[in-house]
Structure formats: C-alpha cells, structure tokens
Amino acid sequence: MKAIIATGIASLLVAGAALGPSPEGGSFTTLDREAQPFRAAFNEDAGKVRFVMYVSPTCGGCLRGADQSQKHILDRIDSDDLVVYVVWAPKNGAREEHVDRVTKLVTDRRATQYWDEYGAVAAPFDEMLSLTGPCAGTFMLYDGEASWEAGAPPEPVYWEDAHALELGRDGAPQFDPEGFAEKVLELLGG
C-alpha cells in the first residue's frame, strides 16, 4: 500500500513539474495569522458557490484530490457563479518551498491558491471537522450566504475527505470527485 501511495505521489509531482510555468497556475499567496487575504476573498465572493480545497503539498491523497478536482469538477462545470480556493496546509511535513510545483495541479481561472504559513486555516478546519492524522485532504462547499467574520471559518454545507477510509475518520464521507461535482451543480441550481 505504501509503495502504491509513494508511486502515486511521485507520478503527480513529475506530472506537475513537467507542466512548467503556466499563466493559470503556479502562483500562490501566503496567508497571515488571521487567514488574510483568504478570509476577505471568501466574504467578497458572497452570493457565489465557494469550493474550498484544504490540502497538503506533500500528501499523495491531497495531490490526487486536487488533480481530480480540476479534471472532474472544474473542467466540467464552467460557471462564473463558482469560485475556488486552494489552501495548501503545513501538514505532513509541508513547507512553503513545496507549494510552487503543486499549484499547477489546479489551473482553473476561478481558483486562487494560498499557503497557510501559520496554520490560520488548518487549525480551525481540523477542529471544526474533527480531523485526525497527519494530513488535510478535505474538499468543502459553501453556499452564497456563508460569511466568515472573525475566528473560525463557517461550517461548509457539504464536504468530503480524501482520507476518510485510509485514516478511519468516522463520519466523514470519502472524496468522490464525480459525486462532488453533482453537489456543486445542485448548489449552482443546475
């Protein structure tokens, strides 16, 4: 099992590196201790469906989920009423130097990518979703009414976990990008 996961990680990293510089991907913003500017962007996008990927740049399941999200969700759903935030978490030994190469997995024009330097997003999401284990790997949906004032982010209207089965996270639905796309379409009203 470990060999399969390691092979998957290596394949994704090689694929990401082979993409080279891309005008749509490869850039990210570092968050401060108050989760800014992510929190401000989240609130400015009120009225839209918001898709948050909380992932680690050093985790095979997270990288696979980000890649599958691009291919099975974002490539499929072309709506300006959907915005995407990719929050790369300092989990599983991740450091900022790991982020640049993996941002190329999500190249959608609606996506903004962040590095959570201080765990300002990681800690509240872990607590809110009762996440255990060394990794993130959650994919969350928010409707247009959600707002993030102070403190912890709001609870998503729907979420799935790339590590639910692997890490035995009871009560968390396993990430299924095609099923998740259907949830996005439901929230978009289509």
TODO: Could you figure out which of (1) under 16 Å from the mean Cα position of the chain (by Cα); (2) closer than 24 Å to residue 186 by Cβ; (3) among the acidic types (Asp, Glu) isn't true of residue 81?
DONE: (1)
TODO: Of all residues in the range 89-116, count the ones that are closer than 17 Å to residue 67 by Cβ and of a type outside the set (Lys, Arg).
DONE: 14
TODO: Considering only residues that are within 13 Å of the chain's Cα centre (by Cα) and among the hydrophobic types (A, V, I, L, M, F, W, C), look in the range 149-173 and name the one that is least open to solvent (accessible area, probe 1.4 Å).
DONE: 162
Task: Residue tally, condition part of a loop (DSSP other than H, G, I, E, B) and either among the hydrophobic types (A, V, I, L, M, F, W, C) or at pLDDT 95 or above (or both), over the range 157-189 - done: 8
Task: Filter result (among the acidic types (Asp, Glu) and either open to solvent by less than 60 Å² (accessible area, probe 1.4 Å) or closer than 19 Å to residue 140 by Cβ (or both)) within the range 79-114 - done: 81, 108
Open item on the list: Condition check: out of contact with any Pro (no Cβ under 8 Å at 6 or more places or on another chain), of a type in the set (A, V, I, L, M) and either open to solvent by less than 20 Å² (accessible area, probe 1.4 Å) or not in a helix (DSSP H, G or I) (or both). Does residue 146 satisfy that?
Closed with: no
- [ ] Return yes when residue 113 is assigned to a helix (DSSP H, G or I) and of a type outside the set (Asp, Glu) and no when it is not.
- [x] no
TODO: Identify the residue in the range 43-54 that is touching a strand residue (DSSP E or B) at 6+ places or on another chain (Cβ under 9 Å) and at pLDDT 95 or above and, among all such residues, is most open to solvent (accessible area, probe 1.4 Å).
DONE: 48
Open item on the list: Just the residues that are open to solvent by 10 Å² or more (accessible area, probe 1.4 Å) and in a helix (DSSP H, G or I), please, taken from the range 62-78.
Closed with: 64, 67, 68, 70, 71, 72
Open item on the list: One residue is enough: does the range 26-42 have a residue meeting the conditions assigned to a strand (DSSP E or B) and either small (Gly, Ala, Ser) or surrounded by fewer than 19 Cβ atoms within 10 Å (Cβ to Cβ) (or both)?
Closed with: yes
- [ ] Identify the single condition in (1) in contact with a strand residue (DSSP E or B) (Cβ under 8 Å, 6 or more places away or on another chain); (2) touching a residue at least 24 places away in the same chain (Cβ under 8 Å); (3) open to solvent by 50 Å² or more (accessible area, probe 1.4 Å) that residue 176 does not satisfy, given that it satisfies every other one.
- [x] (2)
- [ ] Could you tell me which numbered condition residue 118 fails, if it satisfies all but one of (1) touching a Gly at 6+ places or on another chain (Cβ under 9 Å); (2) part of a loop (DSSP other than H, G, I, E, B); (3) surrounded by fewer than 23 Cβ atoms within 10 Å (Cβ to Cβ)?
- [x] (1)
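The values are calculated or read from the model by the stated rules, or taken from the named source; none is laboratory data. All figures in this text were calculated on a predicted structure; none of them were measured in a lab. Cβ coordinates were reconstructed from backbone atoms using ideal geometry, including for glycine residues, and neighbour counts include every protein chain displayed. In case anyone asks, the SASA skips ligands and DNA or RNA and just uses the protein heavy atoms, side chains included. Shrake-Rupley method; radii C 1.70, N 1.55, O 1.52, S 1.80 Å.
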